[in-house]
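Beneath this line is the structure, given in structure tokens, with notes to follow.
The values are calculated or read from the model by the stated rules, or taken from the named source; none is laboratory data. Worth saying up front: this structure is predicted, and the values here are computed from it rather than measured. With ideal geometry, Cβ positions are generated from the backbone for all residues, glycine too; neighbour counts draw on all protein chains shown. Heads up: the accessible areas ignore ligands, DNA and RNA and are worked out on the full protein's heavy atoms, side chains in. Shrake-Rupley method; radii C 1.70, N 1.55, O 1.52, S 1.80 Å.
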Amino acid sequence: MLTAIILDDEIHGAKSLRILINKNCPDVHVIYLETDPLNALISIKKFKPDILFLDIDMPKLNGFEVLSELSNPLPKVIFTTAYDEYAIQAFKFNAIDYLLKPVMVEDLVSSVNKVNEKISVEKELRKKRQIEDLRQNQNIKISVHCRNELIIVETHTITRLEADSNYTHIYTVDGRKITSAKTLKEYEHQLPVS
């Protein structure tokens with residue numbers, strides 16, 4: 001289920017859009033309907049919706065100024081406006097779509113489908129990055145000074161580290177316990193975070 005906030009200074013337009021979404025986009029839940037851009041900023045920052053249906057021409061802050069006040073990651077933005085002259089500027093803000101009022105059902109459904117596709121692609125990219133990070137971390141080795149010998153340990157074989165005063169016990173997947181004269185803090189900087 002995708003969450004959404006509608007920001008439109010014209011209350012009847014915002015309510016009409018919410019009705020269209022409720023009837024035609026069952027995977028979208030409108031959590032807030034805002035008519036004031038300043039209140040909308042608070043709601044967006046607090047609830048981090050997946051989608052922001054955003055009007056452009058509003059008092060206090062226009063739609064572009066609202067986006068400029070937000071930090072990443074931004075919600076997926078679908079502009080809903082009566083003005084076609086802002087379309088190029090809207091896509092500079094990475095808008096998913098630009099819908100002219102009155103919003104047509106097929107355009108709305110198409111826009112929500114684009115959001116779903118974009119989110120799916122982003123999730124897949126994140127998974128690929130995590131897998132690549134894991135692969136890279138598997139090749140990292142650290143040297144451990146243990147008594148009078150130097151032991152090379154591959155970081156992906158370490159199951160846990162345990163502090164013991166000024167020593168660190170390193171446990172590996174093959175059941176070894178290696179005691180090092182370094183503190184746990186010193187190892188924090190050497191080991192990859194997973």
With a 1.4 Å probe and every protein chain left in place, work out the accessible area per residue of the stretch 81-135 in Å², rounded to a whole number.
72 Å²
Helix 105-138: angle to the longest alpha-carbon principal axis of the chain, degrees 0 to 90, nearest 10?
10 degrees
Between ALA87, LEU108, VAL121, whose Cα lies farthest towards the positive end of the dipole of the stretch 50-145 when Lys and Arg beta carbons carry +1 and Asp and Glu beta carbons carry -1, centred on the Cα centre?
VAL121
Give the range of the longest stretch in the chain that excludes all trypsin sites (Lys or Arg not before Pro) found in loop regions by DSSP and having at most 14 other beta-carbon atoms within 10 Å.
61-146
For the full complex of protein chains and a 1.4 angstrom probe, list MET1, MET104, MET58 by accessible area with the highest value first.
MET1, MET104, MET58
When the solvent-accessible surface of protein heavy atoms is calculated with a 1.4 angstrom probe, in what order do PHE93, PHE53 fall, highest first?
PHE93, PHE53
Could you identify which residue out of ASP133, ASP55, ASP174 has the top mean-square fluctuation in a GNM of the chain using Cα springs shorter than 10 Å?
ASP174
Tilt relative to the chain, helix 11-24 - C-alpha long axis, 0 to 90 degrees, to 10
60 degrees
Where the Cα pairs of the chain fall when distances are cut into 10 Å bins, in %:
8, 28, 19, 10, 14, 14, 7, 1
The chain - share of DSSP beta bridges that are antiparallel (%, nearest 5):
45 percent
Sorted by accessible area (1.4 Å probe), largest first, how do TYR98, TYR167 line up?
TYR167, TYR98
At 10 °C and 1.306 mPa s, grab the translational diffusion coefficient of the stretch 1-110 from Stokes-Einstein with a Kirkwood Rh over Cα pairs, rounded to a whole number in µm² per second.
117 µm²/s
The long-range amide H neighbours of HIS29, using H built 1.01 Å from N in the peptide plane and a cut-off of under 5 Å, are LEU2, THR3, ALA4
Within the accessible area of the chain (1.4 Å probe), percent carbon and sulfur:
50 percent
